[in-house]
Ligand code: ADP
């Protein structure tokens, strides 16, 4: 397995929003996380790159990196964990005063201190790949939501992560702009990226995922192939959720 997670828990004060989460993802696989609002999906994703620090949980990567959050974890290991993943946010989170190209080069240049010429070349390739070849010099407010999100995807790819994390990447978009973003994500699936996607696009999740996790109340209530979880759910809570949204 690329990454195995055991006993992940996260509390905000008294409120335990993730409870004893176990799952694993293999290289090149796609996991989608579905479930009602407030069930802990975003928090789970944020724990995977330490935007939130887990309260408990054992993370084991196949390269040997191991973090046990029930003990004090060292800064070096946290940094290693953070560098493994690229995150795509619901609200894009682009720098408003930087062009599309500068948004994509920022991470590799400033955080990773890579060579400017190389990084610029890579960023141009990535923006071309997401269909924004002729928009590189525009600012976020000159782009549609779908275009901004595609910049967000190029930016996450630019740090050359091992794992791509998507936090409801289309939920802020007008319906007519959702397709162009899902198409880009589908291209990444076909390229073999390892990805975890929090989404309300159930049909999309069914199409692209190797595995689906259904969360409710901070637990993974049901997990398995899309055929099992989406097309033939066993748990009443999963059925109820899918009945409401499909
Ligand atoms: P989902 O993504 O499934 O909608 P979230 O992970 O956003 O769920 O939220 C799960 C629960 O955690 C909610 O009750 C939410 O209010 C709470 N929560 C999330 N982030 C914070 C935070 N930074 N501080 C306090 N509570 C939070």
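Numerical summary
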{"quantity": "Flag if residue 28 is in contact (Cβ under 8 Å) with a residue 24 or more places away in the chain, away from the ligand (no atom under 15 Å from the Cβ) and either under 19 Å from the mean Cα position of the chain (by Cα) or closer than 17 Å to residue 166 by Cβ (or both)", "calculated": "yes"}
{"quantity": "Residues of segment 102-137 satisfying the condition of being in a helix (DSSP H, G or I), over 11 Å from residue 158 (Cα atoms) and touching a helix residue (DSSP H, G or I) at 6+ places or on another chain (Cβ under 8 Å)", "calculated": "116, 129, 133, 135"}
{"quantity": "Filtered residues of segment 177-233 (kept if under 18 Å from the mean Cα position of the chain (by Cα) and part of a strand (DSSP E or B))", "calculated": "194, 195, 196, 197, 198, 211, 212, 213, 214, 215, 220, 223"}
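Matching residues to (1) loosely packed, with under 15 Cβ neighbours inside 10 Å; (2) under 22 Å from residue 88 (Cα atoms); (3) within 16 Å of the ligand (Cβ to nearest atom):
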{"residue": "180", "(1), (2), (3)": "no, yes, no"}
{"residue": "194", "(1), (2), (3)": "no, yes, no"}
{"residue": "198", "(1), (2), (3)": "no, yes, yes"}
{"residue": "211", "(1), (2), (3)": "no, yes, no"}
{"residue": "214", "(1), (2), (3)": "no, yes, yes"}
{"residue": "224", "(1), (2), (3)": "no, no, no"}
{"residue": "228", "(1), (2), (3)": "no, no, no"}
{"residue": "231", "(1), (2), (3)": "yes, no, no"}
{"residue": "244", "(1), (2), (3)": "yes, no, yes"}
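Here's the yes/no breakdown for (1) within 10 Å of the ligand (Cβ to nearest atom); (2) surrounded by 20 or more Cβ atoms within 10 Å (Cβ to Cβ); (3) at pLDDT below 95:
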site: 20; (1), (2), (3): no, no, no
site: 36; (1), (2), (3): yes, no, no
site: 47; (1), (2), (3): yes, yes, no
site: 58; (1), (2), (3): no, no, no
site: 68; (1), (2), (3): no, no, no
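The values are calculated or read from the model by the stated rules, or taken from the named source; none is laboratory data. Owing to the predicted nature of the structure, the values given are computational and were not obtained by experimental measurement. Ideal geometry is used to build each Cβ from the backbone, glycine not excepted, and the neighbour counts take in all protein chains shown.
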